[in-house]
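The values are calculated or read from the model by the stated rules, or taken from the named source; none is laboratory data. What you see is a predicted model; the values in this text were computed from it and never measured. All Cβ positions, even for glycine, are placed from backbone atoms using ideal geometry, and neighbour counts span all protein chains on display.
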Amino acid sequence: MEAVHTLINFAPHRDEELLDSYSRTITGVVGQVAEAVVHIQVQKPAPAPQNARSRGSQGPGEPQLAPASGSGFIISTDGFVVTNNHVIENARDIRVSLADGRTVNAELKGTDPSTDIAVLKIDESGLKALPFADSETLQPGQIAIAIGNPLGLQHTVTAGVVSALGRTLRASNGRLIDDIIQTDASLNPGNSGGPLVNSLGQVIGVNTATILSAQGLCFAVSSNLAAFVAGKLIMEGRVKRAYLGIAGQLVNLTGRMIAANRLEKHTGVYVYEVVPDHPADNKALRTGDIIVSFNGRPVGTVDELHKQLNAGVIGRSVPLEVLRNGHKTALIVIPGEMR
C-alpha cells in the first residue's frame, strides 16, 4: 500500500516539474527577445465607400488615409527592421514603436512582394537585434514562440510547435512562396511581420498568414529565405528575378503528345499571350506554344517556370523547349529583369 501511495503522489509532482521547465523556457526566451520586437503603424489610402464609387462622385485630390498596423523585429543594432510587405504596402507614413515606448519614423529600404518580406530602417543605434537560425535544421514538434501585436495588443506572446515544414503559400503578386513553416502558435491580424523564434531566442520564421476558417493553421516565411531576401533588400533595394514577358496557364498533355515527344511531365505551360517587352527577348515564342522545358529542366506548371526565372538567367541566352503543332521545338529566349 505504501508503494501505491508513493506513485500517486509522484505523478503530479513530476508533471509540475515538467510544466515549470516549459514555462521557464518560454519566459526566458520572451525576456531575451521582446526588446527587439516592434509595433509598426502606417497610414494607407482608404478604399472609397461603395456608394461613392457607384455614383462616380469621388472627385480628384488626395485619398483619405486610414491607420493600419503590424509587427516587425530588429535585425541589426543600427536599426534595420524586418516585417511583411503587406504590412507596409502602399503606406504613406511608417512609424515604429520600440519596446521602451519611443515611436520613431521609419524609411522603407526595400520590399519583395514575391516573398512578402520588407525591410525598414530607423535612425537609432545600440538596439537589441535578433539573430536568424538555420531553418534547414528545424524539425516538426520543436517549440515555436510568436511575439507580436495581434489586434493592436502590443508584445503578445503565443507558443506552440512547428507543425510542418516545406509548405507553400501564394503571394499577393501570384508567385508561390516556398519553404513556409506551419505552426500552431496562435496568430491574429497584427501579428504579421513579427518573429517566430525557437527555444534559443533565434528567429526561425517571419509570421505572415493565417487561415481564418481554420484553427491552429498559421504560417511563417522560413528564416533562411527571409535572411536571404532581407540581405538583398538592404544591399540592393530589391530581389532580382527574371521575366519572360508572357502570360501562361497550366494545360494537360495527351498521352500521344507525351509518348511522341518523350516528355517527363504530364502538363505544360500554355502560352496564351506574348507581350513584346524591351527587357526580355521573347520573339521566338508564339501564342499557342506549350512550354515543356526551360534551361534544360522539365517544366510542368507556371510555378515551376517561376522557380527557373531567377537572377542567374537575366540577360542570358537560355534554351527553351515548346510543343508547337504537337512537335517539340527548341528555341532561345533572353529573359529580362522583372520590375
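General observations
- Scope region 123-135; condition assigned to a strand (DSSP E or B) and over 30 Å from Gln182 (Cα atoms); matching residues: none
- For Ala164, the conditions (1) in contact with a Leu (Cβ under 8 Å, 6 or more places away or on another chain); (2) farther than 30 Å from Gln43 by Cβ are fulfilled apart from (1).
- Residue match in region 161-175 (condition: under 25 Å from Asn198 (Cβ atoms) and touching a helix residue (DSSP H, G or I) at 6+ places or on another chain (Cβ under 6 Å)): no
- Residue within region 224-232 that is touching a strand residue (DSSP E or B) at 6+ places or on another chain (Cβ under 8 Å) and not in a helix (DSSP H, G or I) present: no
- Residue that is surrounded by the fewest Cβ atoms within 10 Å (Cβ to Cβ) [pool: residues in region 210-232 that are among the hydroxyl-bearing types (Ser, Thr, Tyr) and within 15 Å of the chain's Cα centre (by Cα)]: Thr210
- Filtering region 182-204 to residues that are over 20 Å from Gly141 (Cα atoms) and either surrounded by fewer than 24 Cβ atoms within 10 Å (Cβ to Cβ) or β-branched (Val, Ile, Thr) (or both) leaves Asn188, Pro189, Gly190.
- Flag for Ile122 being buried (at least 19 other Cβ atoms within 10 Å of the Cβ) and either over 23 Å from Asn224 (Cβ atoms) or of a type in the set (Gly, Ala, Ser) (or both): yes
- Test for Asn207: is it touching a residue at least 60 places away in the same chain (Cβ under 8 Å), surrounded by fewer than 20 Cβ atoms within 10 Å (Cβ to Cβ) and within 16 Å of the chain's Cα centre (by Cα): no
- For region 100-117, a tally of residues being assigned to a loop (DSSP other than H, G, I, E, B), among the small types (Gly, Ala, Ser) and crowded, with 16+ Cβ neighbours inside 10 Å returns 1.
- In region 72-99, the qualifying residues are those that are surrounded by 15 or more Cβ atoms within 10 Å (Cβ to Cβ) and among the charged types (D, E, K, R), and the one that is farthest from Thr208 (Cα to Cα) is Arg95.
- On the stretch given as region 79-99, residues that are of a type outside the set (Val, Ile, Thr), touching a residue at least 60 places away in the same chain (Cβ under 8 Å) and either outside any strand (DSSP E or B) or not assigned by TED's automatic domain parsing to the domain that holds Val42 (or both) total 6.
- Flag for Leu120 being in the same structural domain as Ile211 (by TED's automatic domain parsing) and free of Cβ contacts under 8 Å to residues at least 40 places away in the same chain: no
- Filtered residues of region 316-339 (kept if over 20 Å from Arg262 (Cα atoms) and surrounded by fewer than 15 Cβ atoms within 10 Å (Cβ to Cβ)): Arg316, Ser317, Ile332, Glu337, Arg339
- Filter result (outside any loop (DSSP other than H, G, I, E, B) and surrounded by 16 or more Cβ atoms within 10 Å (Cβ to Cβ)) within region 137-160: Ile143, Ala144, Ile145, Ala146, Ile147, Gly148, Pro150, Thr156, Val157, Thr158, Ala159, Gly160
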